[in-house]
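Enquirer: One structure, pasted below without further comment.
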Amino acid sequence: MKKFVFASVMALAGLGLTLTPVLRAQQSGTIQIKDPAEYNAFQMASTQSDPKAKAAALESFLTTYPQSVVKGPVLDMLIDTYQQTGDADKTLSAASRLLQVDPNNLKALFISVYIKKTQCGKTSDAQTCDDAAALARKGLALQKPADVTDDDWKKQTGAAFPIFHSAIALDDVLSKKDVKAAISEYRTELMLYPPQATQAGPGLVDTLQLAEAYTKPDGKDLVQAVWFYARAWNFAPPAYKAQIEPKLEYYYKKYHGDLTGLDAIKQQAAASLFPPGTFQITAAATPAEIAHKVVVETPDLTTLNLNDKEFILASGSKDDADKLWGVMKDQVTPVPGIVISADANTIKMAVSQDAKDAKIADFIVNLKKPLEEKEIPQAGFEYALQPAAELDGTYDSYTQVPATATLSQTVQIVLREGFIQPEKKKPVPVHKKPSAAHHPGA
């Protein structure tokens, strides 16, 4: 099972949708260097053609002339030069130094937010996320400089402001844990893009992020989630389309009861970024009614997939859940999911999509033999189906867990005699030497 990763700037690289943020420098007018030696050093550094040589020469210039009248333009050139070399850390350093010289420089703010947002997405470090959001808020509050035309300012803010809102949204999700605020920021961001710009790049990534946010307990709205998953599915590259579709179908089916009508929603979402005000999805039946229908209409309950089994155990009447449990109990099963916590004797797993979203354990696997310390999986590790490492266990008991203010009714399933199957390696093909009878010329 491929791990589903489509988050923030991390996903941009995976999709081949990397953005090179480029804004024009906000320098204007003529700056004169009076000292001939300083002027020559500036000319030598600024005219280098090799990016690495140019960066070194510009840094040397700043060391020699730390108070130069062209310190701002030199730092601006350094930003562009380090971007050419692909060195994010040094690009960020140059942008940070330019902000010390010119605190309201939109380009430096944009570069700083973009790189820190990338780091936030990779590490989830609260301070980094907060820094990106703080710089983004500062950028959003900027007023147009007097020497910048309205048209240029519109172009610059059109490139920068969506990224600023995206950084604030990511901070809301990862650091502030405020999903409702994140939803507001993502929607504001997407409104700033021309609709066609959301069919790729950061706009497409954050369309999916918005869909994800609508599935979280504190911001749950499955009608909106389905729309934005459908929108993202329409324009995602094939490899990611195959990962988005199961989530789209899961939440649509969870709300509607089956997949009828989903194709029409996909077509609608392809034509519009936001759903029309009249958009709705009919809830075909209550979860208990849906569960009963599946139990009654499925001749062999063992053929149901794990998600459907868990849904019936969580949402079905006691009679329906018990009927299903009668064919599950004492059966050995793989447990694909994400580790919530583990010790030598027990692994607690999030298996259903709802459990993964809420980061709670819906499966508890009690192991047959204690694990050695080095074998205990870390929280976040994902067990899949073979040939990857697989966690297996024997169904032992289940308990329905009543709904709360933030989580619909769910189930906790306990398995006994758990064990881990190691990853199966693909056999290396053996090429046998042909016999003499089949050898050319024999």
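The values are calculated or read from the model by the stated rules, or taken from the named source; none is laboratory data. Fair warning: this is a prediction, and the values are worked out from it, not measured in the lab. Cβ: placed from backbone, ideal geometry, glycine included. Neighbour counts: every protein chain shown.
Enquirer: Within the range 219-230, can you find the residues that are of a type outside the set (A, V, I, L, M, F, W, C) and under 16 Å from the mean Cα position of the chain (by Cα)?
Expert: Tyr229
Enquirer: Now, a different point. Can you find, within the range 286-327, the residue that is farthest from Lys247 (Cα to Cα) among those that are exposed (fewer than 14 other Cβ atoms within 10 Å of the Cβ) and of a type in the set (S, T, N, Q)?
Expert: Filtering the range 286-327 for residues that are exposed (fewer than 14 other Cβ atoms within 10 Å of the Cβ) and of a type in the set (S, T, N, Q), the one farthest from Lys247 (Cα to Cα) comes out as Thr302.
Enquirer: Here's a follow-up. Take the residues in the range 179-237 that are of a type in the set (Lys, Arg), surrounded by fewer than 24 Cβ atoms within 10 Å (Cβ to Cβ) and touching a Phe, Trp or Tyr at 6+ places or on another chain (Cβ under 9 Å), then tell me which one is farthest from Thr118 (Cα to Cα).
Expert: Lys220
Enquirer: Another question about this same structure. Can you name the number of the only condition in (1) in a helix (DSSP H, G or I); (2) modelled with pLDDT of 95 or more; (3) of a type in the set (A, V, I, L, M, F, W, C); (4) within 24 Å of the chain's Cα centre (by Cα) that Leu273 fails?
Expert: Of (1) in a helix (DSSP H, G or I); (2) modelled with pLDDT of 95 or more; (3) of a type in the set (A, V, I, L, M, F, W, C); (4) within 24 Å of the chain's Cα centre (by Cα), only one is false for Leu273: (1).
Enquirer: Would you please list the contacts, defined by Cβ atoms under 8 Å and residues six or more apart or on different chains, that run from a residue in the range 240-252 that is at pLDDT 95 or above to a residue that is of a type in the set (Ser, Thr, Tyr) and part of a helix (DSSP H, G or I)?
Expert: Hits for this filter: Ile244/Tyr229; Leu248/Tyr229.
Enquirer: Still on this structure, I have one more. Output the residue which, of all residues in the range 255-282 that are touching a residue at least 60 places away in the same chain (Cβ under 8 Å) and surrounded by 13 or more Cβ atoms within 10 Å (Cβ to Cβ), is nearest to Leu222 (Cα to Cα).
Expert: If we take residues in the range 255-282 being touching a residue at least 60 places away in the same chain (Cβ under 8 Å) and surrounded by 13 or more Cβ atoms within 10 Å (Cβ to Cβ), then Phe274 is nearest to Leu222 (Cα to Cα).
Enquirer: Let me ask you something else. Which pairs turn up if I take residues in the range 71-89 that are of a type in the set (Asp, Glu) and look for partners that are surrounded by fewer than 20 Cβ atoms within 10 Å (Cβ to Cβ) with beta carbon separation below 6 Å, at least 6 apart in sequence or on another chain?
Expert: Close Cβ pairs (under 6 Å, with a partner that is surrounded by fewer than 20 Cβ atoms within 10 Å (Cβ to Cβ)) amount to Asp76/Ala25.
Enquirer: Sticking with this structure for a sec: Condition first: part of a helix (DSSP H, G or I), out of contact with any helix residue (DSSP H, G or I) (no Cβ under 7 Å at 6 or more places or on another chain) and within 17 Å of Phe42 (Cα to Cα). Now tell me which residues in the range 65-108 satisfy that.
Expert: Those that are part of a helix (DSSP H, G or I), out of contact with any helix residue (DSSP H, G or I) (no Cβ under 7 Å at 6 or more places or on another chain) and within 17 Å of Phe42 (Cα to Cα): Pro73, Asp80.
Enquirer: Collect the residues in the range 356-414 that are assigned to a helix (DSSP H, G or I), closer than 30 Å to Val173 by Cβ and either at pLDDT 90 or above or among the hydrophobic types (A, V, I, L, M, F, W, C) (or both), keeping them in residue-number order.
Expert: Matches in the range 356-414: Ala358 only.
Enquirer: For the range 135-149: of the residues being touching a residue at least 60 places away in the same chain (Cβ under 8 Å) and of a type outside the set (D, E, K, R), which is nearest to Arg97 (Cα to Cα)?
Expert: Within the range 135-149, the match that is nearest to Arg97 (Cα to Cα) is Pro145.
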